[in-house]
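These notes concern the structure reproduced below.
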Amino acid sequence: MKPKRAANALLLDADDNLLVLRRSSTHPYAPLEPDLPGGFIEEGEAPDTGLVREILEETGITLMERDLREAITFMHPDFAGTNLIKHTLFGYRFPSGRPDVVISWEHDQYTWVPLKDITSLEKPVQRQFDAIIADGFFDRI
């Protein structure tokens, strides 16, 4: 069985704060958990194209595929533990300030977390940071 595809964005403001959403109580996966903008990629959609769509849907922020820098692709089990997901993380640093955020029904709040504090975030977000922190990705975007 072909794994599902997912992509999430590490969106940094000009002061090195990361946009972190919180899933709503009605979210079908991990309600009330921290989340990064992004989600499942539709069949035939490129990961960066799907991520741009997801960012707009979830935050109201418009980006272009060319704005995103790929950080890492890794495999992990889905929330049920029955299938694998091929997951790609991308990053983008806003050149000045931070954009207005308008969250969708999937989330009930958002915050900008200083990069120095991201290791204290709860799963499932935290597992996405281990490799990219060691790799120094945040210094390259």
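The values are calculated or read from the model by the stated rules, or taken from the named source; none is laboratory data. Keep in mind the model is a prediction, meaning the values are calculated, not measured. Please note: Cβ atoms are built from the backbone with ideal geometry, for glycine as well, and neighbour counts cover all protein chains shown.
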Exercise. What number of residues in segment 32-64 are in a strand (DSSP E or B) and at positive phi?
Worked result: 2
Problem set entry | Members of segment 22-74 that are more than 22 Å from PRO95 (Cβ to Cβ) and in contact with a Leu (Cβ under 7 Å, 6 or more places away or on another chain) | ARG22, ARG23, SER25, PRO34, ASP35, ILE72
Seminar exercise, completed: Taking first residues from segment 58-71 that are over 17 Å from ASP108 (Cβ atoms) and second residues anywhere that are surrounded by 19 or more Cβ atoms within 10 Å (Cβ to Cβ) and among the charged types (D, E, K, R), the pairs with Cβ under 6 Å that are 6 or more apart or on different chains are GLU65/ASP48; LEU68/ASP48
For this session: Keeping to segment 24-35, report how many residues are at pLDDT 90 or above and buried (at least 16 other Cβ atoms within 10 Å of the Cβ).
Result: 1
Seminar exercise, completed: Taking segment 24-60 and keeping only residues that are within 15 Å of VAL101 (Cβ to Cβ) and charged (D, E, K, R), one is left with ASP35, GLU54, GLU57, GLU58
For this session: Inspect segment 42-65 for any residue being within 15 Å of VAL20 (Cβ to Cβ) and at pLDDT below 90 and give the result as yes or no.
Result: no
For this session: Mind listing whichever residues of segment 2-31 are assigned to a strand (DSSP E or B) and among the basic types (Lys, Arg)?
Result: LYS4, ARG5, ARG22, ARG23
Exercise. If you check VAL52 against the conditions, is it among the β-branched types (Val, Ile, Thr) and in contact with a Phe, Trp or Tyr (Cβ under 8 Å, 6 or more places away or on another chain)?
Worked result: no
Exercise. Failed condition for MET75, given (1) among the aliphatic types (A, V, I, L, M); (2) surrounded by fewer than 11 Cβ atoms within 10 Å (Cβ to Cβ); (3) outside any strand (DSSP E or B), with all others met?
Worked result: (3)
Problem set entry | Residue satisfying all of: in segment 88-141; assigned to a loop (DSSP other than H, G, I, E, B) and small (Gly, Ala, Ser); modelled with the lowest pLDDT among these | GLY136
